[in-house]
Amino acid sequence: MPRHFLNTQDWSVDGLQQMLASASAFKANALGDQLKGRSIALLFFNPSMRTRTSFELGAFQLGAHAVVLQPGKDAWPIEFELGTCMDGDTEEHIIEVAKVLSSYVDIIAVRAFPKFQDWQSDRQDKVLNAFARYATVPVINMETITHPCQEMAHILALQEHFKTRDLRGKKYVLTWTYHPKALNTAVANSALTIATRMGMDVTLLCPNAEYLLDERYMGWAEQNAADSGGGFKVSHDIAASYSGADVVYAKSWGALPYFGRWQDEQPMRDENKHFIVDEAKMALTNNGVFSHCLPLRRNIKATDAVMDSPNCIAIAEAENRLHVQKAIMDTLINRPEIS
Ligand code: CP
């Protein structure tokens, strides 16, 4: 079975740190032949700007060719149910798709967001796991219900900012922010996972218990904090959470108990526009650094002043997508000693 990059939780901290060090090396020397003659299929079931651009360029800069496919748009719609009679809109089954692509390319990367109707179904991450099950080459998660490539770019940006690989003990706040639409929990799940894994003192700040994340990721955060010597707690107190923080990471997400009934969640979400990251809140921090995965609606999630502040590292984090993804592709193809 090939090694996949589906979640950082599947990899050791040492392995993640080795990939981050490799990403720094790729940042210093952009061009190489580590993937010469190789190819990667990038399957996008959802839109992207950063992920598509950075994967395509990263593959090119290391000598590989990237093929972008959008199933249901420029490629056949794919069936993921087993044993079904395919008399609907899908034209071919994941079993054939994964096997055929594996015969052409060296890596398959997949972006497949939740359908936002039934969390119990979406939390199974069926599309990504089906590719991982039937592909005979490594599979990379380009964001499904987690976003591990973003995690790596985020951590690299923090390591660069603090000038150390060791982030243990940093006071880290993941704050929910308002957005007019109910968004994916993927980046929030990922932020909790990696921040606790790296031994930071993590606070999940959200308006109320309805905005807690899925028990899988809450459980990972608790376990990671125990294993790493970091901390993990939930707070609904904005001032207390920001006070003394070294890192503020912002994300909006829909409340899971309302999954698929977003019109019922909207009034509660609308009451919490004050969770916006602004200068007054950042002034409570320990000269804290701010970041976000992007895309970000200015003056909805964070103010212009916060985004334009020298303490905002969102652009550095976005740039790091290019470097960490090179490290991930190189590791999957060339470095079996990293696990
Ligand atoms: N952060 C991120 O994944 O950006 P895109 O959705 O533009 O790829």
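The values are calculated or read from the model by the stated rules, or taken from the named source; none is laboratory data. Everything quoted here is computed from the prediction, not taken from an experiment. Cβ placement follows ideal geometry from the backbone for every residue including glycine, while neighbour counts extend to all protein chains displayed. SASA here: full protein model, heavy atoms, side chains in, ligands and nucleic acids out. Shrake-Rupley method; radii C 1.70, N 1.55, O 1.52, S 1.80 Å.
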Query - Qualifying residue in segment 89-106 (condition: surrounded by 18 or more Cβ atoms within 10 Å (Cβ to Cβ) and of a type in the set (S, T, N, Q)) - result: yes
Requested in this report: Considering only residues that are open to solvent by 10 Å² or more (accessible area, probe 1.4 Å) and touching a Gly at 6+ places or on another chain (Cβ under 7 Å), look in segment 312-339 and name the one that is nearest to H4 (Cα to Cα).
Outcome: S339
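Is it the case that R269 is outside the structural domain of R50 (by TED's automatic domain parsing) and crowded, with 20+ Cβ neighbours inside 10 Å? Even if it seems obvious, please write down each step before you answer.
On the way: outside the structural domain of R50 (by TED's automatic domain parsing): yes; crowded, with 20+ Cβ neighbours inside 10 Å: yes.
So R269 fits the description; yes.
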Requested in this report: Go through Q61, Q18 for me and flag whichever is open to solvent by 10 Å² or more (accessible area, probe 1.4 Å), under 21 Å from the mean Cα position of the chain (by Cα) and farther than 23 Å from A186 by Cβ.
Outcome: Q18
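Each row is one residue, and each column tells you yes or no for (1) among the small types (G, A, S); (2) within 16 Å of the ligand (Cβ to nearest atom).
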position	(1), (2)
P2	no, no
L20	no, no
F26	no, no
L31	no, no
F44	no, yes
F55	no, yes
A59	yes, yes
D74	no, no
H93	no, no
Report summary line: Here the residues within segment 60-83 that are under 15 Å from A130 (Cα atoms) and without any contact (Cβ under 8 Å) to a residue 12 or more places away in the chain are E81, L82, G83
Requested in this report: Considering each of Y258, Y249 in turn, give the residue that is farther than 20 Å from C149 by Cβ, of a type in the set (S, T, Y) and outside the structural domain of S24 (by TED's automatic domain parsing).
Outcome: Y258
Query raised in the report: So which of I338, I315 ends up being among the aliphatic types (A, V, I, L, M) and assigned to a helix (DSSP H, G or I)?
Result: I315
**Report entry** Residue list for segment 70-89, restricted to those being under 12 Å from L43 (Cβ atoms), assigned to a loop (DSSP other than H, G, I, E, B) and of a type in the set (A, V, I, L, M, F, W, C)
**Finding:** W76
**Report entry** Entirely in segment 93-191, the strands (runs of 3 or more DSSP E) that have 3 or more residues that are in contact (Cβ under 8 Å) with a residue 60 or more places away in the chain and not assigned by TED's automatic domain parsing to the domain that holds P267
**Finding:** 107-111, 139-141
Query raised in the report: Is at least one residue of segment 218-237 farther than 16 Å from F116 by Cβ, in contact with a helix residue (DSSP H, G or I) (Cβ under 6 Å, 6 or more places away or on another chain) and either open to solvent by 50 Å² or more (accessible area, probe 1.4 Å) or β-branched (V, I, T) (or both)?
Result: yes
